[in-house]
1. Does Y76 qualify as being more than 15 Å from G8 (Cβ to Cβ), in a helix (DSSP H, G or I) and touching a residue at least 24 places away in the same chain (Cβ under 8 Å)?
2. Within the range 79-107, work out how many residues are assigned to a helix (DSSP H, G or I) and touching a strand residue (DSSP E or B) at 6+ places or on another chain (Cβ under 8 Å).
3. Is there any pair with a first residue in the range 80-107 that is touching a residue at least 12 places away in the same chain (Cβ under 8 Å) and under 18 Å from T17 (Cβ atoms) and a second that is among the hydroxyl-bearing types (S, T, Y) and outside any helix (DSSP H, G or I) whose Cβ atoms are under 8 Å apart and which are 6 or more apart or on different chains, and what are they?
4. Consider G58 carefully, then state whether it is more than 15 Å from F75 (Cβ to Cβ), in a loop (DSSP other than H, G, I, E, B) and not charged (D, E, K, R).
5. Here are the criteria: (1) closer than 25 Å to R94 by Cα; (2) over 13 Å from the mean Cα position of the chain (by Cα); (3) of a type outside the set (A, V, I, L, M). Tell me which single one S20 does not satisfy.
6. Please find, within the range 1-40, the residue that is nearest to A62 (Cα to Cα) out of those that are among the β-branched types (V, I, T) and in a loop (DSSP other than H, G, I, E, B).
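Computed from the coordinates by the stated procedures, all read-outs in this text should not be read as laboratory data. Nothing here was measured: the structure is a model prediction, and the numbers come from that model. A quick note on method: Cβ atoms are made from the backbone with ideal geometry, for glycine too, and the neighbour counts reach across all protein chains shown.
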Amino acid sequence: MGLPLIQGTLDLIILGTIRSGPVHGYAIATTIDDRSDGRLQVEDAALYQALHRLERQGLIEAEWGASENNRRARFYSLTPKGRRRLAEQTTYWRNYARALDAVLEGA
């Protein structure tokens, strides 16, 4: 069974998933599922809403191409602004997780 996403983490998860190069939406969802061993699952509607939001914010850009099975798909990649946001948010969440862990260890 999957874990519910913590509010505000979907954008970071998407940015981290596409940091290595252009990828289409289905591959983003599959990568998230694979890397989290099935613990994080993103609903299609939420994924595409987030992709459109990130594109409007200038954090990602998209262009049409052919998928692995030769179907037309939009491929998403990070912009320089998106790379900066990914670095900032990764630092924030790692610090947050360490602080949370420290509190829980003391409990």
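1. On the way: more than 15 Å from G8 (Cβ to Cβ): yes; in a helix (DSSP H, G or I): no; touching a residue at least 24 places away in the same chain (Cβ under 8 Å): yes.
No.
2. To start, the set of residues in the range 79-107 that are assigned to a helix (DSSP H, G or I) comprises 80-105.
Subset that is touching a strand residue (DSSP E or B) at 6+ places or on another chain (Cβ under 8 Å): 82, 86.
Going through the range 79-107 one residue at a time, the tally reaches 2.
3. Pairs that qualify, where the first residue is touching a residue at least 12 places away in the same chain (Cβ under 8 Å) and under 18 Å from T17 (Cβ atoms) and the partner is among the hydroxyl-bearing types (S, T, Y) and outside any helix (DSSP H, G or I), are W93/T9.
4. Details: more than 15 Å from F75 (Cβ to Cβ): yes; in a loop (DSSP other than H, G, I, E, B): yes; not charged (D, E, K, R): yes.
Judged against the criteria, G58 is a match.
5. Answer for S20: the failing condition is (2).
6. To start, the set of residues in the range 1-40 that are among the β-branched types (V, I, T) comprises 6, 9, 13-14, 17-18, 23, 28, 30-32.
Adding the requirement that they be in a loop (DSSP other than H, G, I, E, B) leaves 6, 9, 18.
Details: I6: 26, T9: 21, I18: 11 Å.
Here the answer is I18.
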